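Asks: Pasting in a structure now, in structure tokens, and then I'll have a few things to ask.
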Amino acid sequence: MEYRKLGGTGLKVSLVGIGCNNFGRRCDVETTAAVVKAALDQGINFFDTADVYGPGGLSEAFLGQAISGLDRSQIVIATKFANPMGEGGLNRGASRRYIVKAVEDSLKRLGTDYIDLYQQHIPDKDTPIEETLRALDDLIRSGKVRYIGHSNFSGWQISDAQWTAQSQGLNQFVTAQNLYNLLDRRLEREVIPACEQYGVGMLPYFPLASGMLTGKYRRGEAAPKGTRLNAMGERAAAAMSDSNFDVVERLQSYAEERGKSLLELSISWLASKPVVSSVIAGATSVEQVAANAAAANWQLSREEMDDVNAISKR
């Protein structure tokens, strides 16, 4: 397993990370423990969760149970705040009041006394970014949080946050977690350039486009039962469009001509980008963990990157 710096920090994380959004949903506590153990056995040290994953924070709770008794210093935990955790306006957002409560709740569920990477899950238009950064800066200074990041920020929001932190002498966001894959490259217009400008590490989520980039779906056929797209209703119809299948089929042929799988191409394409710190891939089984861990081993040449970029360009 390759390790990279988390953004511009000195912390090293595995190039493939485990997305824990299935913990507490599709994975019970025993399956979660098996996935976590398999990940550690593969050299994966980076686990990304959120307070809203699993009903009532079950993903954090299951992850906390899975790492209980293990060497915490060898495990990097990322979690998130800001999405609704209950009814009413006081149970969400990025205000100081809410952040102070949210971090304590996450620490309790995770069974740990610090969070390696604490991420603002969504922008909060009602809270000044300086208020959010000052609250997060205090958490870093208190030792409850090591680093901070954001998720789903636009390019201008990244720039605004970095300027605010720099001008006020506050700890800066070191990572950006956004949707990024071969079927959705929109963030290359503004988000990626902003990350490169400020030394922010990209953590792509949905790298396999909800399974579209694994080859498990077929044009004209319904999504198999038990798959993510099978439960997504109208969103699945949009994902399984003819235009997407046109790209998927060309990418699959390109990979197979080189003795590789579509899964390997999809993850290795992201891993070949210097701005990417870790590719966040979900897993519900030991087999998926092994496949995801091995998928980043293809070192695409400059020519191969150009070919793949051309195939996936819209």
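The values are calculated or read from the model by the stated rules, or taken from the named source; none is laboratory data. The structure displayed is predicted, hence computed values, not measured ones. Neighbour counts run over all protein chains shown; Cβ positions are idealised from the backbone, glycine included. Keep in mind that these areas ignore ligands, DNA and RNA; they rest on the heavy atoms of the full protein, side chains included. Shrake-Rupley method; radii C 1.70, N 1.55, O 1.52, S 1.80 Å.
Asks: Probe of 1.4 angstrom, ligands and nucleic acids ignored: what's the accessible area per residue over segment 8-118, in square angstrom?
Replies: Accessible area per residue: 39 Å².
Asks: Which of the pairs 225/313; 273/313; 37/260 have their Cα atoms more than 21 Å apart in this structure?
Replies: Exceeds cut-off: 225/313; 37/260.
Asks: Using +1 at the Cβ of each Lys and Arg and -1 at the Cβ of each Asp and Glu in segment 195-314, identify which of 282, 294, 254 lies farthest towards the dipole's positive end.
Replies: Checking the options against the dipole of segment 195-314, the answer is 282.
Asks: Specify which residue in the list 171, 110, 187 is farthest towards the positive end of the charge dipole of the chain, using unit charges on the beta carbon of Lys, Arg (+1) and Asp, Glu (-1), about the Cα centre.
Replies: Result: 110.
Asks: Please give the helix 96-110 orientation as an angle from the longest Cα principal axis of the chain, in degrees from 0 to 90, rounded to the nearest 10.
Replies: 60 degrees
Asks: Mind giving me the FRET efficiency for residue 3 and residue 105? R0 is 22 Å, r the Cβ-Cβ distance, nearest 0.05 is fine.
Replies: Rounded to the nearest 0.05, the efficiency is 0.15.
Asks: To the nearest 20 debye, what is the magnitude of the charge dipole of segment 17-58 about its Cα centre, counting +1 on the Cβ of each Lys and Arg and -1 on the Cβ of each Asp and Glu?
Replies: 80 debye
Asks: Relative to the longest principal axis of the chain, what angle (0 to 90°, nearest 10) does the C-alpha long axis of helix 155-168 take?
Replies: 30 degrees
Asks: State the Cα centre-to-centre distance between segment 124-140 and segment 275-314 in whole Å.
Replies: Computed from Cα coordinates, the inter-centre distance equals 33 Å.
Asks: Rounded to two decimals, what is Rg over Rh for segment 1-143 when you use alpha-carbon atoms and the Kirkwood radius?
Replies: Looking at segment 1-143, the ratio lands at 0.97.
Asks: Could you give the angle, 0 to 90 degrees to the nearest 10, between helix 58-67's Cα long axis and the longest principal axis of the Cα atoms of the chain?
Replies: 90 degrees
Asks: Send over the semi-axes of the chain's equivalent ellipsoid, whole angstrom and largest first, taken as the square roots of 5 times the C-alpha gyration tensor eigenvalues.
Replies: 31, 22, 19
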